[in-house]
Amino acid sequence: MKRWSRQTTRSAINGYAFISPWLVGLALFTIYPIIASLYYSFTRYDIVREPRWIGLENYVTLATQDLIFRRVMGNTIYLVAVGVPAGIVVAYLLALLLNNEMKLRPMFRTIFFLPALVPAVAAAEVWRWVLNAQWGLINAWVKARGWPVIPFLSSEGWAKNTLILIHCWAQGQAMMVFLASLQDVPRSLYDAAEVDGANRLQRFWYVTVPMTTPAMLFLVITHLIGMFQYFTMGWLLTSGGPNFSTEFFSIYLYRNAFEYFKMGYASALSWVLFLIIMLFTVVTFRSSERWVYYGGS
Amino acid sequence: MTNTAVAMTAEALQAKRHARLARVAGRMLLYVTVITLSFAFALPLLWMFVTALKDDPDVFRLPPVWIPRPIRWQNFAEALTIIPFGMHLLNTLKIAVPVVIGTVLSCSLVAYGFARIDFPGRTFLFFVCLATMMLPFQVRMIPLYIRFSVMGWLNSYRPLIVPAFFGGAYPIFLLRQFFMTIPQELSDAARIDGCSELMIFWRIVLPLAKPSLAVVGLFTFMGSWDNYLGPLIYLNDAKLYPLSVALRGFQSEFWEEHLWQYMMAASATTIAPVIVIFYVAQRTLVEGITVTGIKG
Amino acid sequence: MSANTITRRRLLQGAALAGTAGLLVACQPKVVEKVVEKVVKETVIIEGTPKVVEKVVKETVVVEKEAAAPAREPAKVVWWFQWNAPAQMEAFSTIAKNFGEMDNGITVEALQVPTMQDKMLAAVAGGNPPDVGVCCIQYVGFYVRGVFTPLDDYLDASEKIKREDFVPGLFESMVWRGKTYGVPACECGPRFGYIFNIDHLEEAGLDPDNLPQTWDETWDWHTKLTKKDAAGNLEQLFLDPFFGSTTAAALAPNCASLYPTSWGFSPWDGDTMTFNFDNPQMVEAFTWLKKMYDDIGVEKLDAFSQANPGGRYVPTGAMPAGLRTAEFVGYYAPGELHVSAPDTRWVAGWCPRPESRRNVRYQNVGGHPIYIPLASKVRDQAFEFIEYVTSEEAIDIIFKATAWLGGRKAGYDANRPDISHLPSLKWYLESANTADELVAGPVIPNQAFATTQYQRAVSALQYGEKTPEQAAVDLQKEVTEDLAKEFPELLVE
């Protein structure tokens, strides 16, 4: 334990002063819904009537009886395990590509960012046209060659991967974060590395990568959180099908909360999700001490 | 001696030529890759735009038609008059502009606290901050609604705007990551010069973090522009609906008429300003470096 | 949400345009409270053009005036609905406006809500729901939780709404434990029809006047009309018997369940509060479905359905595009198909039965309830507004805009001239009057869960994960357990 000094006191005052807006927001808006949902998870709560305390029953049900939950878990874990790395790698590669000096760079950056701007409803429709099994852009070409069409959204095997593919395509925001981070790599480090005789690949590996690790940490964590809660595009494109192969955590949760009137059970589901995400986040943060490099420290 | 010199010059020349060739090939490869990928990424917008210009029967023709005939520019005008577009656009801006200002202000302060000041309880509180993102909105929505209802804030923009002035986990985390990369020596030097933390934040860190502030502002703007569920449940007056809610009218399951062209026209119109903002914002981002020459 | 809320689509825009004047206005109740200004529409056919123009003639109709009602405080009734096509919204705002102009001290504030279930739940939880609502929520879920006002006293006292004026089955689907929670409104109509593309039938040498009456005959027609290429891809499909039909996959108060009805049982018994899925008839139905889906091939079917998106009302849909022959579908289909495939001829008939019930022709007229949340402070005025929304005048306004039928028997006249261009719709109206069995939609407390499980059971059959026997047993067990868990109070009583 550190010794409490005047310095510590000053830091404490300053620190809490700076984060005070967030603390006030937490007290006013954020903490109540969180506590409330924790309470609901131990109740039978249908939103319209008062919650009734049932102890651990919701948790017992989802652990022992809910067969769909197991399928949902499997689907979600696949989505996270494949989708998170895939999305981040794609975003990184795009950022590197667009960090090159080139003509019309602002235009190209804008184009690559577009998928993030198109409202999900419109984007879903576009993908339906592109991936359509009969005359979609891809399958029309495939068919013309006499090959069997690819059931992008209509087979259990393909549906999840197709959604991941679409996720990778809409990485505009992550790409921007990486681009902003690449701007922060000091020119002098590259010069120094060049003087030391490092080649391009070495300069990339020993200078670029470490300097962008803070952004990477941010994206790994937010992508983990985002993918565990993946909802909109799946709801719009497959709504859980075919044969529930794209029934993900948030979709199942939504059904329970708003269609089945089981807000209590949905709350229990989301607290399980919360713990899983928290576990991943803590592990990632712990490991980050080894792989994230902050130029500032 | 002369021979070797000549040979060396020739070798050097050849090497130089190779290097230039490699560079040209590299540039070629770069442009080919970027242009090819551009098509894949521009496709949705292209399709949106093409559909927006289509005549009724063309919208659903198989195989899909890429060049509408006739081109119906009036779809745009019609789409924007079916719903009171101007009113909804103004509503969206009434929400989005204060939300961006509030978010950038509050989150940069909070992120500074988490990134640059080593205060007791920092790690724990930072995890609490992250944790607030980990519970899906679906289960937080009802208690939050009840809270705003009790406060008498329903049917106003307050539930959508006010929380933005009290920080949000995602932008705080993003800004924290960027603030962490700014060399600590800069702050230390300023402290020795007698600067307060607020002055360091305002004079040193914020100017250096311009690119990341632009990114956060942009993302926040996009988020607010797109937000559907919040306005849907908080607002009970169609005159207050922002575009995100009003535009759902074009894609309802109850539409039997072929109005995809209108939805696409309206969507294209709504994202156009965001594209412009993005274009400008990412220029700021590039300028950010050239002007400050960060930490060179 | 959309999977479980049966929503009704707009139909026959053509009919709406060609509608002749005042058909329903003519059947107005004889006694009206006051002097009203009526808008009578005359149809003028302009020579040489197919266009029909409506000329509005205003005339004042003086009717018996009852003693003036005691003066009341002015009140505002907030009305939420989900339907949002321009014609629908226009009809609804006309209704709100007309009612507001009636000099009864009540103004109506209408709000179109894009996704009602989420908003209604939040509003009820927050204690500020609207005064009147219609479409599209899980109705029974709200009935059983006591969110809505029981309307029986209002209905008994009402001069304007008499239960016997409504098509049988409609009110029954809005009753929970003896109390009525809604009045059939806006969109109602026959749900069970079997509609065919006549060109396909003639091409295959089948007789459009002699449609398949049983499931076995349906199978025969399937073998004759479903065409595949060498690789097994579907080139033409006769029928997607479950997932291709919102009617067939439904298990809702506003749309009864096709397969159980066909096999002559109800999936839910409201008296004993029990489900009835685990029976030989359900197994028979599942067996038939499995046979169909096995023959079509599940992935081929998905690919086919995706390739022809948009349902009946856009030209790319499998039916209008001429790629699928038949569908189990409600009364809105003829109008939709008339718009999306104006040159194709359609014929409608009774949905199939098992051989043992060959002669039992069944129908379900389903519809949406209009309801008053209990939290409303102006319930009397809200009911007065409901009386207007469900009046023949309002039904006529909605019909003209959307061609929805409404709940009153008067509209179910197969000879009404405004539908004469749609012979298959004529069949639907006739069927409501001639069916041997007219069933009501089941009022199942855990309706959304039961519907999902029901659909999941068929999905498991489709993917070969369960046998029909297993599917029926599991389904019964799942929905019963869920009911016991969610509504323990029902089982105690």
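A:TRP127: accessible area at probe 1.4 Å, nearest 10 Å²?
30 Å²
Can you grab the distance from the C-alpha centre of the stretch C:206-240 to the C-alpha centre of the stretch A:40-67, Å, no decimals?
If we compute the Cα centre of each part, the gap is 47 Å.
Between A:ASN161 and C:GLU465, with labels modelled 7 Å along Cα→Cβ, what's the label distance in nm to one decimal, could you check?
Calculated label separation equals 2.1 nm.
C:LEU237's amide H: which non-local residues (gap 5+, or another chain) put their own amide H closer than 5 Å, with H modeled 1.01 Å from N in plane and none for Pro or chain starts?
C:LYS227, C:ARG324, C:THR325
Using the scaling law 2.2 N^0.38 Å as the reference, what is the normalised Cα Rg of the stretch A:51-125?
Scaled against compact globular proteins, the figure is 1.87.
Set the Förster distance to 60 Å, then compute FRET efficiency between A:ALA63 and B:THR9 from the Cβ-Cβ distance, nearest 0.05.
0.15
Can you list the residues, at least 5 places off or on another chain, whose amide H is less than 5 Å from the amide H of A:VAL292, using H built in the peptide plane?
Result for A:VAL292 returns nothing.
As a test question: what accessible area, to the nearest 10 Å², does C:GLU486 have when a 1.4 Å probe is rolled over all protein chains in place?
30 Å²
What shape does the stretch A:69-291 take by its C-alpha gyration tensor, where a ≥ b ≥ c are the square roots of the eigenvalues and a/c under 1.5 counts as rounded, a/b above b/c as prolate, and the rest as oblate?
Oblate is the answer for the stretch A:69-291, as a/c is 1.5 or above yet b/c matches or exceeds a/b.
Output ³J(HN,Hα) for the stretch C:268-277: one whole-Hz value per residue in order, computed from phi by the Karplus curve 6.51 cos²θ - 1.76 cosθ + 1.60 with θ = phi - 60°, and x for Gly and Pro.
Result, ordered by residue: 9, 10, x, 6, 9, 6, 10, 8, 9, 9 Hz.
Rank-order C:362-373, B:44-55 by packing density, defined as the average count of other C-beta atoms within 10 Å over each peptide's residues, highest first.
Top of the packing list down: C:362-373, B:44-55.
Rank these residues by their accessible area, most exposed first, probe 1.4 Å: A:ARG6, B:ARG191, C:ARG353, A:ARG145.
Ranking A:ARG6, B:ARG191, C:ARG353, A:ARG145 by accessible area, largest first, yields A:ARG6, A:ARG145, B:ARG191, C:ARG353.
At a 10 angstrom cut-off on C-beta neighbours, averaged per residue, how do the peptides A:68-79, C:254-265 rank from highest to lowest?
Top to bottom by mean Cβ count within 10 Å: C:254-265, A:68-79.
How large is the helix-only mean residue ellipticity at 222 nm for chain B, computed as the sum of -39500 (n - 2.57) over DSSP H runs with n ≥ 4, divided by its residue count, in deg cm²/dmol to the nearest 500?
Theoretical 222 nm ellipticity from helices: -23000 deg cm²/dmol.
Where both residues lie in the protein assembly as shown, what percent of DSSP beta bridges are antiparallel, nearest 5?
70 percent
Could you state the number of Å between the C-alpha centres of the stretch C:146-171 and the stretch C:404-422?
Result: 22 Å between the Cα centres.
Just add up the charged neighbours of C:ARG357: K/R +1, D/E -1, any other residue whose Cβ is under 10 Å from the Cβ of C:ARG357.
0
Sequence-distant or interchain residues sharing an amide H contact under 5 Å with C:ILE106, placed H: which?
Under 5 Å from the amide H of C:ILE106: C:ALA75.
Between beta-carbons, use under 15 Å as the cut-off and find the net charge around A:THR110, counting Lys and Arg +1, Asp and Glu -1.
Taking every other residue near A:THR110 into account, the sum is +4.
Other chains near A:23-32: what is the mean number of their Cβ atoms within 10 Å of each residue's Cβ?
6
Taking beta carbons within 10 Å but only from partner chains, what does the mean come to for residues B:207-217?
Across the residues of B:207-217, the mean count of other-chain Cβ atoms within 10 Å is 3.
Taking a temperature of 25 °C and a viscosity of 0.890 mPa s, what whole-number D in µm²/s does Stokes-Einstein yield for the protein assembly as shown with Rh from Kirkwood over alpha carbon pairs?
77 µm²/s
Order these peptides, C:220-227, A:96-103, by their mean beta-carbon neighbour count within 10 angstrom, highest first.
Ranked by mean Cβ neighbours within 10 Å, highest first: C:220-227, A:96-103.
Give me a comma-separated list of calculated 3J(HN,Hα) values for the stretch B:226-237, in order, Karplus coefficients 6.51, -1.76, 1.60 applied at θ = phi - 60°, integers in Hz, x for any Gly or Pro.
Whole-Hz 3J(HN,Hα) from phi for the stretch B:226-237: 8, 4, 10, 5, x, x, 4, 7, 7, 9, 10, 9.
Find the relative contact order for the stretch A:182-249 and round it to a whole percent, using C-alpha pairs within less than 8 Å whose residues are 6+ positions apart.
Once divided by the residue count of the stretch A:182-249, the mean separation gives 24 percent.
Below 11 angstrom from the Cβ of B:MET87, what's the summed charge of the other residues (Lys, Arg +1; Asp, Glu -1)?
+2
How much space per residue, in cubic angstrom, does the convex hull of the C-alpha atoms of chain B take up?
Here the figure is 239 Å³ per residue.
For C:GLU101 and B:LYS239, what does the FRET efficiency come to when R0 = 30 Å and r is the distance between their Cβ atoms, rounded to the nearest 0.05?
0.90
If you build a Gaussian network model of chain A, linking Cα atoms that sit under 10 Å apart, which residue out of A:SER11, A:SER181, A:SER267 swings the most?
Answer for the Gaussian network model of chain A: A:SER11.
Averaging sequence separations of C-alpha pairs under 8 Å and six or more residues apart, then dividing by the length of the stretch B:73-230, give the relative contact order as a whole percent.
Contact order relative to length: 40 percent.
Determine, from the Cβ-Cβ distance of C:GLU202 and A:ALA144 and an R0 of 45 Å, the FRET efficiency 1/(1 + (r/R0)^6), rounded to the nearest 0.05.
0.85
Which whole number gives the average count of other chain Cβ atoms within 10 Å of the Cβ atoms across peptide B:184-192?
For this peptide, the per-residue mean of nearby foreign Cβ atoms is 1.
Once you've got the GNM for chain B with C-alpha springs shorter than 10 Å, pick whichever of B:GLN184, B:GLN14, B:GLN282 has the biggest mean-square fluctuation.
B:GLN14
Would you please name the chymotrypsin sites (Phe, Trp or Tyr not before Pro) within the stretch C:387-493 that are DSSP coil residues with at most 16 other C-beta atoms within 10 Å of their C-beta?
Counting only loop positions with at most 16 other Cβ atoms within 10 Å, the chymotrypsin sites (Phe, Trp or Tyr not before Pro) in the stretch C:387-493 are C:TYR463.
Starting from the stretch C:88-154, pick out the trypsin sites (Lys or Arg not before Pro) whose DSSP state is loop and whose Cβ has at most 11 other Cβ atoms within 10 Å.
Nothing satisfies the criteria.
Through the Karplus equation 6.51 cos²θ - 1.76 cosθ + 1.60, θ set to phi - 60°, convert the phi angles of the stretch A:180-191 into ³J(HN,Hα) values in whole Hz; use x for Gly and Pro.
Rounded to whole hertz, the list is 4, 5, 5, 5, 7, 6, x, 3, 4, 5, 5, 4.
The values are calculated or read from the model by the stated rules, or taken from the named source; none is laboratory data. Because the structure is predicted, anything quoted here is derived from the model rather than measured. Cβ coordinates were reconstructed from backbone atoms using ideal geometry, including for glycine residues, and neighbour counts include every protein chain displayed. For accessibility, only protein heavy atoms count, side chains too; no ligands or nucleic acids. Shrake-Rupley method; radii C 1.70, N 1.55, O 1.52, S 1.80 Å.
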